[in-house]
Amino acid sequence: MDLKELTIKAERELAPIFSDIDRTAYENTAKVLEAFRNHRIDSTCFDGTSGYGYDDKGREALDRVYADVFGAEAAFVRHSIVNGTQAIAIALYGLLRPGDIMLSVTGKPYDTLEQVIGLSGTPGNGSLADFGVEYREVGLKDGKVDFDEVARELADGGDRVKIVFIQRSKGYMTRPTLTVDEIGEIAAFAKARSKAYVVVDNCYGEFTETREPVAVGADLMMGSLIKNPGGGMAESGGYVAGTARAVELASYRLTSVGVGLECGATLGANKSLIKGFFYAPHTVAQALKTMHFAAYIFEAMGFEVSPRWNERRSDIIQSIKLGSPENMIAFCGGIQSGSPVDSYVAPIPDAMPGYTDKVIMAAGTFTQGASIELSCDGPIRAPFTIYMQGGLTYESGKYGILRAAEQLMDK
């Protein structure tokens, strides 16, 4: 197979899709710029605070910008949130009380939430289960939400169902990522039958469409700043956005009851968070183009990919079923060798906190673990699927993908 000729063919056929991605990026960029203007972002917003962090102008302005752009009543953005898992945990602990039920309607959540919920880990560590929260889940049916079973669970749980939980992205599963329209349908269905908060793990989904889950009925959504909304500029952090009451309750878990969002020194992080949000729509567009290109190349090489190269996307993740541990190692080696940082490193499978299987990762990133940058990972378990995401620029993402393709061809 001639990769040069395949690349030319891929980019020719992908041109209309790339054009559509650019239109989405423009619309989202316009919303960001309008919010910057409305909330008077200026150079004084870049100044950091220390100590308690009272009256941090930049922090407070960015919270309002996030809320406006995402279609939420309120939001908070903090560089001190260590990852997406913590952002989700802040929301869950903020809303749930002893005796409540958390109902996941998209099957089992991402692996790193297992110990938060209490599905694994040591009893007494402080999981939701330790605090008397009951967890239930409804598996997907043919890759879609099973509305009949959700209705039964809502009826059975009654007012005890406090959270209807939705994971937008596929995680380490093969099901399709949910679109914003689909999330809106789930939210409407749940609200017609319960008083529950609809809570969405929005990781990997921001700016892939022109609306976000809180704009179509979700009460709360959370994500990581070293994924989409940080635009490749944020060095750390996470956000929570949604209705005013849900955000308020989550803020009490972020700090403490009675403090909420009044405190929180930014320590010089404001500029990178604000600048990253400005870049985010464009950076996400670059990542989407990179993933479409990857799907085209590896599907042409005979691998099963999801989504396919010409399918609509609502996140920046591309799964590729590689069929063996050896292929996973070769693939990750190619991605790593095409990275701007640590390109000489050879990825190997190893145990990682929060995961039940050994995991292999390739991430030659400027920010450690940043999955808005080209990276890939996957648990070493059948059917040996790798999950890749990101790409700060389409050109560098394309280079890394072709390196991975070469590694698989040389096996």
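A short reminder: the numbers here are calculations on the coordinates, not readings from a lab. Nothing here was measured: the structure is a model prediction, and the numbers come from that model. Counting neighbours? That spans all protein chains shown, and the Cβs are built from the backbone with ideal geometry, glycine included.
Convex hull over the Cα atoms of the stretch 45-276, averaged projected area in nm²?
12.0
Using θ = phi - 60° and the Karplus relation 6.51 cos²θ - 1.76 cosθ + 1.60, list the HN-Hα couplings for the stretch 161-175 in order, rounded to whole Hz, with x at every Gly or Pro.
Karplus-based 3J(HN,Hα) across the stretch 161-175 equals 6, 9, 10, 9, 9, 10, 9, 5, 7, 6, x, 8, 10, 9, 6 Hz.
Which pairs break 23 Å Cα to Cα here: K4/K227; K31/K162; K144/K321; K108/K144; K289/K321?
K4/K227; K31/K162
So who's got an amide H within less than 5 Å of the one on T385, skipping anything under 5 residues away but keeping other chains? H placed 1.01 Å off N, in plane.
Amide H to amide H, under 5 Å and 5 or more residues apart or across chains, T385 pairs with L322.
Provide the percentage of antiparallel DSSP beta bridges, counting only those with both residues in the chain; round to the nearest 5.
65
Top mean-square fluctuation among G258, G139, G126, Gaussian network model of the chain, C-alpha springs under 10 Å?
Comparing G258, G139, G126 in the GNM, the peak value goes to G258.
Whole-Hz ³J(HN,Hα) for each residue in the stretch 359-375, computed from phi via Karplus 6.51 cos²θ - 1.76 cosθ + 1.60 with θ = phi - 60°, x for glycine and proline: what do you get?
10, 10, 9, 10, 7, x, 10, 5, 10, 4, x, 6, 8, 7, 7, 4, 7
With the chain treated as a Gaussian network of Cα nodes joined by springs under 10 Å, which of G238, G230, G323 yields the largest mean-square fluctuation?
Evaluated over the chain, the most mobile residue of the options is G323.
Could you please report the charge total around G48, scoring K, R as +1 and D, E as -1 over all other residues with beta-carbon less than 10 angstrom from its beta-carbon?
Charge balance in the 10 Å sphere: 0.
Could you go through the stretch 387-402 in sequence order and give the Karplus-derived ³J(HN,Hα) for each residue, using 6.51 cos²θ - 1.76 cosθ + 1.60 with θ = phi - 60°, rounded to whole Hz, and x for Gly and Pro?
Along the stretch 387-402, the couplings run 10, 10, 7, x, x, 4, 10, 4, 4, 6, x, 4, 4, x, 5, 5 Hz.
Amide H to amide H, which residues 5 or more places from V359 or on other chains are under 5 Å from it, using H placed in the peptide plane?
D350, A351, M352, I380
Whose amide H sits under 5 Å from the amide H of L128, counting only residues 5 or more places off or on another chain, with H placed in the peptide plane?
It is I117, G118, by chain and number.
So what is the diffusion coefficient of the stretch 1-132 in µm² per second by Stokes-Einstein at 4 °C and 1.567 mPa s, using a Kirkwood Rh over Cα pairs?
67
How much net charge surrounds L6 when only other residues with a Cβ under 15 Å from its Cβ are counted (Lys, Arg +1; Asp, Glu -1)?
With Lys, Arg at +1 and Asp, Glu at -1, the neighbours total -1.
Provide D410, D130, D350 in ascending order of the number of other Cβ atoms located within 10 Å of each residue's Cβ, fewest first.
Taking fewest neighbouring Cβ atoms as first place, the list is D410, D350, D130.
By how many degrees, 0 to 90 and rounded to 10, does the Cα axis of helix 147-157 deviate from the longest principal axis of the chain?
30
In which sequence would E5, E212, E60 go, from the one with the fewest C-beta neighbours within 10 Å to the one with the most?
In increasing order of surrounding Cβ atoms, one gets E5, E60, E212.
What ranking do 380-389, 163-172 get when scored by the average of other Cβ atoms within 10 Å per residue, highest first?
The densest-packed peptide leads the list: 163-172, 380-389.
How would E373, E299, E27 line up from fewest to most surrounding beta-carbon atoms within 10 angstrom?
Going from sparsest to densest Cβ surroundings: E27, E299, E373.
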